[in-house]
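Report on the structure given below.
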Amino acid sequence: MPIAIIDVVCAALDIDKKDVEYDYFGLNHFGWFTSIRHKGEEVLPQLREYIKEHEILLPDSYLKGMGSLMAKKPEEAVDEHPEQNRHTKGSWYYVWKGEYEIMECFPEYLPNTYLNYYLQQKEFVEHSNPERTRANEVEETREKNLFDGIDHYEKTGEIDESTFYAGSHGDWIADLAIALKNDTKQRFLVICENKGAIPNMPYDAMVELPAYIGKNGPEVISRDNIPLFQQGLMMQQLNSEKLVVEATIEGSYEKALKAFTLNKTVPSMKVAKEVLDDMIEANKGYWPELK
């Protein structure tokens with residue numbers, strides 16, 4: 001998601017992504033941009049003003065024609081512009097709106113959009129539509145497009161490039177492979193063993209940080225201690241995930257319940273137990289038996 005966020009930031013500020021370098025720290029799907037520089041100039045203050053003015057992190061070009069999608073409940077609105085960018089549709093509206101809402105409270109850093117679920121869990125449940133979830137949206141768009149493209153190829157032998165284009169993430173993987181092969185020392189955001197790169201996080205934690213990539217792998221860019229607020233959130237999530245692993249290895253119901261209770265997307269121990277019990281039933285035959 002950080003890659004997609006930078007795409008949106010560059011479109012909002014009308015700058016070229018190739019000229020952008022940024023600093024970031026976090027866990028997988030759980031982090032913050034601390035600096036975004038365009039040709040060496042810090043643009044995070046400019047971005048803060050843009051988000052505050054528009055009350056959302058979406059470029060003007062995406063916002064044009066949203067019309068009824070910007071109603072109080074966009075998921076109930078009629079989509080008058082089916083051709084527009086998918087990031088202006090359905091639940092994506094709340095994803096980018098959440099950037100504004102979080103930064104109104106905590107403006108120092110630009111959060112990863114997944115932090116919506118950890119910092120606004122109540123609100124995201126309230127405006128979610130159980131009859132049409134994010135999974136349904138993916139099925140109706142990306143999945144349908146892919147399967148339709150495969151069907152078309154099998155019938156005609158023609159390949160529609162747009163069907164198989166992987167977007168920013170595909171570009172990232174290709175660029176990373178080139179950096180590894182050609183020892184370019186190009187800068188990427190990667191998940192790696194901490195090993196002191198964030199001094200006030202556990203040594204064995206898997207953290208997400210910028211690194212220079214060459215034939216010998218990542219040369220991680222270390223940083224100072226992270227602020228207590230972000231460290232507290234990261235430790236809570238990290239320990240929740242470690243408890244999931246221990247619960248799986250040991251077959252421990254109690255540790256699984258602790259993991260669910262500790263996770264910030266879950267509001268209480270009672271809800272954690274209800275969710276865990278429902279998931280055990282739904283995943284029979286796939287999960288280890290928990291006792």
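Some points to look at:
- Boolean, ASN129 is assigned to a helix (DSSP H, G or I), farther than 26 Å from ALA12 by Cα and at pLDDT below 90: no
- Enumeration of residues in the range 244-266 that are closer than 16 Å to MET279 by Cβ and not in a helix (DSSP H, G or I): GLY251, SER252, ASN263, THR265, VAL266
- Of the residues making up the range 5-19, those that are surrounded by fewer than 19 Cβ atoms within 10 Å (Cβ to Cβ) and touching a Lys or Arg at 6+ places or on another chain (Cβ under 7 Å) are ASP7, ASP19.
- Picking from residues in the range 187-204 that are in a strand (DSSP E or B) and in contact with a helix residue (DSSP H, G or I) (Cβ under 7 Å, 6 or more places away or on another chain), the one that is surrounded by the fewest Cβ atoms within 10 Å (Cβ to Cβ) is PHE188.
- Of all residues in the range 240-266, those satisfying the criterion of being exposed (fewer than 13 other Cβ atoms within 10 Å of the Cβ) and not charged (D, E, K, R) are VAL245, ILE249.
- Test: residue in the range 205-220 that is assigned to a helix (DSSP H, G or I), among the polar types (S, T, N, Q) and farther than 22 Å from ARG37 by Cβ: no
- Residue tally, condition out of contact with any Phe, Trp or Tyr (no Cβ under 9 Å at 6 or more places or on another chain), in a helix (DSSP H, G or I) and of a type outside the set (D, E, K, R), over the range 7-46: 3
- Of the residues in the range 90-102, at least one is surrounded by 12 or more Cβ atoms within 10 Å (Cβ to Cβ), assigned to a loop (DSSP other than H, G, I, E, B), at pLDDT below 90 and in contact with a Pro (Cβ under 9 Å, 6 or more places away or on another chain).
- The residues in the range 222-246 that are farther than 30 Å from LEU257 by Cα and touching a residue at least 40 places away in the same chain (Cβ under 8 Å) can be counted, and the count is 1.
- The range 20-30: number of residues that are touching a Lys or Arg at 6+ places or on another chain (Cβ under 9 Å) and either closer than 23 Å to MET201 by Cβ or surrounded by fewer than 16 Cβ atoms within 10 Å (Cβ to Cβ) (or both): 4
- Verdict on THR184 being surrounded by 13 or more Cβ atoms within 10 Å (Cβ to Cβ), polar (S, T, N, Q) and at pLDDT below 95: no
- Inspection of the range 145-157 identifies at least one residue that is modelled with pLDDT of 90 or more, more than 30 Å from PHE229 (Cα to Cα), more than 22 Å from the chain's Cα centre (by Cα) and not in a helix (DSSP H, G or I).
- The set of residues in the range 33-75 that are aliphatic (A, V, I, L, M) and either more than 28 Å from PHE188 (Cα to Cα) or at pLDDT below 80 (or both) comprises LEU63, MET66, LEU69, MET70, ALA71.
- Residue within the range 103-113 that is part of a helix (DSSP H, G or I), surrounded by fewer than 18 Cβ atoms within 10 Å (Cβ to Cβ) and among the charged types (D, E, K, R) present: yes
- VAL78 meets the conditions (1) loosely packed, with under 13 Cβ neighbours inside 10 Å; (2) modelled with pLDDT of 95 or more; (3) aliphatic (A, V, I, L, M) in every case but one. The failed one is (2).
- Of ILE249, ILE178, ILE213, all but one fail to be touching a Phe, Trp or Tyr at 6+ places or on another chain (Cβ under 6 Å) and either at positive phi or free of Cβ contacts under 8 Å to residues at least 60 places away in the same chain (or both); the exception is ILE213.
- Scanning the range 247-277 for residues that are of a type in the set (Lys, Arg) and farther than 14 Å from GLN237 by Cα returns LYS255, LYS270, LYS273.
The values are calculated or read from the model by the stated rules, or taken from the named source; none is laboratory data. Bear in mind that the values here come from a model prediction, so they are computed numbers and not experimental data. Note that we place each Cβ from the backbone using ideal geometry, even for glycine, and neighbour counts take in every protein chain shown.
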